[in-house]
Amino acid sequence: MELYFVRHVQPAIEAGICYGQLDVPLPAGYETLHSEIIAGLGRFDKVYTSPLQRCQLLAQTLSANFVPDERLKELNFGEWEGMKWNDIDRQLMDHWGANYITSGPPGGESLQQLVARLDAFLRTIPFADRIVIVTHAGVIRAARHLLEARPLNEIMSEKINYGGIYTFNLL
């Protein structure tokens, strides 16, 4: 089975804003960017997606039978969602930065919680030859941990490109 994790295109939101599960829009002309992604995917059997519009708009272009799943949402930043990163209390940010694997931002979730929900999702999908999962950078990093055994303390520094396609081959 091949899993193709696809990150959504860059959303239309001011730079420096904290957004994880905040449902932000896509820019005008996003359809052209979606066409480029589709060209890179080839044939597939099933499409799953985060229900956030920045993912779902691509998923519906891929298949009329896409399946939205809450477990494919980005990391929940809780009270910080929609705030400017520079406006978040520095002491709280430093504490979270030192403990992000086991602690979340106020009202948010930890990296371990994100990994656990992705793991639960992966255990429920039926076997198929080629599956596309339209999602977010944090989820793709969690997939690298679960499917490639990359250490949790290293995955958050890995670059995940907007519109990037990340392939995992499972036996």
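Can you report the number of residues in segment 29-56 which are of a type in the set (Gly, Ala, Ser) and either at pLDDT 95 or above or not in a loop (DSSP other than H, G, I, E, B) (or both)? Lay out the reasoning, then the answer.
Let us first name the residues in segment 29-56 that are of a type in the set (Gly, Ala, Ser), namely 29, 35, 39-40, 42, 50.
Still in the list and also either at pLDDT 95 or above or not in a loop (DSSP other than H, G, I, E, B) (or both): 35, 39-40, 50.
So the count comes out to 4.
Quick check on this structure: which one of Gly78, Gly104, Gly97 is on the phi > 0 side of the Ramachandran plot and either surrounded by fewer than 18 Cβ atoms within 10 Å (Cβ to Cβ) or over 13 Å from the mean Cα position of the chain (by Cα) (or both)? Steps first, please.
Working: Gly104 fails: on the phi > 0 side of the Ramachandran plot; Gly97 fails: on the phi > 0 side of the Ramachandran plot.
Being on the phi > 0 side of the Ramachandran plot and either surrounded by fewer than 18 Cβ atoms within 10 Å (Cβ to Cβ) or over 13 Å from the mean Cα position of the chain (by Cα) (or both) holds for just one of Gly78, Gly104, Gly97, which is Gly78.
What do you reckon, is Gln91 surrounded by 12 or more Cβ atoms within 10 Å (Cβ to Cβ), of a type in the set (S, T, N, Q) and either touching a helix residue (DSSP H, G or I) at 6+ places or on another chain (Cβ under 9 Å) or farther than 25 Å from Leu146 by Cβ (or both)? Steps first, answer last, please.
Values: surrounded by 12 or more Cβ atoms within 10 Å (Cβ to Cβ): no; of a type in the set (S, T, N, Q): yes; either touching a helix residue (DSSP H, G or I) at 6+ places or on another chain (Cβ under 9 Å) or farther than 25 Å from Leu146 by Cβ (or both): yes.
It is false that Gln91 is surrounded by 12 or more Cβ atoms within 10 Å (Cβ to Cβ), of a type in the set (S, T, N, Q) and either touching a helix residue (DSSP H, G or I) at 6+ places or on another chain (Cβ under 9 Å) or farther than 25 Å from Leu146 by Cβ (or both).
Scan segment 87-107 residue by residue and report those that are of a type in the set (Asp, Glu) and closer than 22 Å to Glu14 by Cβ.
So the first thing to find is which residues in segment 87-107 are of a type in the set (Asp, Glu), and the list is 87, 89, 94.
Correct list: Asp87, Asp89.
Filter segment 34-58 down to residues that are out of contact with any strand residue (DSSP E or B) (no Cβ under 7 Å at 6 or more places or on another chain) and surrounded by fewer than 17 Cβ atoms within 10 Å (Cβ to Cβ) and give me whichever is farthest from Glu2 (Cα to Cα). Reasoning before the result, please.
Taking segment 34-58 and keeping what is out of contact with any strand residue (DSSP E or B) (no Cβ under 7 Å at 6 or more places or on another chain), we get 34-36, 38-39, 42, 52-54, 57.
Retained after the next criterion (residues that are surrounded by fewer than 17 Cβ atoms within 10 Å (Cβ to Cβ)): 35-36, 38-39, 42, 53.
Values: Ser35: 21, Glu36: 20, Ile38: 16, Ala39: 17, Gly42: 12, Gln53: 25 Å.
So, considering only residues that are out of contact with any strand residue (DSSP E or B) (no Cβ under 7 Å at 6 or more places or on another chain) and surrounded by fewer than 17 Cβ atoms within 10 Å (Cβ to Cβ), the one farthest from Glu2 (Cα to Cα) is Gln53.
Looking at Thr102, Thr124, Thr135, which is the one that is under 30 Å from Phe168 (Cα atoms) and touching a Cys at 6+ places or on another chain (Cβ under 7 Å)? Before the answer, list the steps.
Details: Thr102 fails: touching a Cys at 6+ places or on another chain (Cβ under 7 Å); Thr124 fails: touching a Cys at 6+ places or on another chain (Cβ under 7 Å).
It is Thr135.
State all residues of segment 151-169 that are open to solvent by 50 Å² or more (accessible area, probe 1.4 Å) and in a loop (DSSP other than H, G, I, E, B); if no residue qualifies, say none. Don't jump to the end; show me each part of the working.
So in segment 151-169, the residues open to solvent by 50 Å² or more (accessible area, probe 1.4 Å) come out as 151, 153-154, 156-157, 159, 161-162, 165, 167, 169.
Residues satisfying the conditions are Pro151, Met156, Ser157, Lys159, Asn161, Tyr162.
Limited to segment 107-141, what total is found for residues that are open to solvent by 40 Å² or more (accessible area, probe 1.4 Å), among the acidic types (Asp, Glu) and more than 29 Å from Ile37 (Cα to Cα)?
Final tally of qualifying residues: 0.
What pairs come out if I take residues in segment 135-155 that are in contact (Cβ under 8 Å) with a residue 60 or more places away in the chain and within 25 Å of Leu62 (Cβ to Cβ) and pair them with residues that are open to solvent by less than 10 Å² (accessible area, probe 1.4 Å) and of a type in the set (S, T, N, Q) whose C-beta lies under 8 Å away, six or more apart or interchain?
Thr135/Thr49; Thr135/Ser50; His136/Ser50; Val139/Ser50
Kindly indicate whether any position in segment 6-20 is among the polar types (S, T, N, Q) and either without any contact (Cβ under 8 Å) to a residue 24 or more places away in the chain or outside any loop (DSSP other than H, G, I, E, B) (or both).
The initial filter retains those residues of segment 6-20 that are among the polar types (S, T, N, Q), namely 10.
This time we only want the ones that are either without any contact (Cβ under 8 Å) to a residue 24 or more places away in the chain or outside any loop (DSSP other than H, G, I, E, B) (or both), so: none.
Within segment 6-20, not a single residue is among the polar types (S, T, N, Q) and either without any contact (Cβ under 8 Å) to a residue 24 or more places away in the chain or outside any loop (DSSP other than H, G, I, E, B) (or both).
For the structure I just gave you, tell me whether Thr61 is part of a helix (DSSP H, G or I), of a type in the set (Val, Ile, Thr), surrounded by fewer than 20 Cβ atoms within 10 Å (Cβ to Cβ) and out of contact with any strand residue (DSSP E or B) (no Cβ under 6 Å at 6 or more places or on another chain).
On the way: part of a helix (DSSP H, G or I): yes; of a type in the set (Val, Ile, Thr): yes; surrounded by fewer than 20 Cβ atoms within 10 Å (Cβ to Cβ): yes; out of contact with any strand residue (DSSP E or B) (no Cβ under 6 Å at 6 or more places or on another chain): yes.
In short, yes.
The values are calculated or read from the model by the stated rules, or taken from the named source; none is laboratory data. As the structure is a prediction and not an experimental result, all values here were calculated from the model. Backbone-built Cβ (ideal geometry, glycine too); neighbour counts: all protein chains shown. Each accessible area value is taken on the protein alone, full model and side chains, heavy atoms only, with ligands, DNA and RNA left out. Shrake-Rupley method; radii C 1.70, N 1.55, O 1.52, S 1.80 Å.
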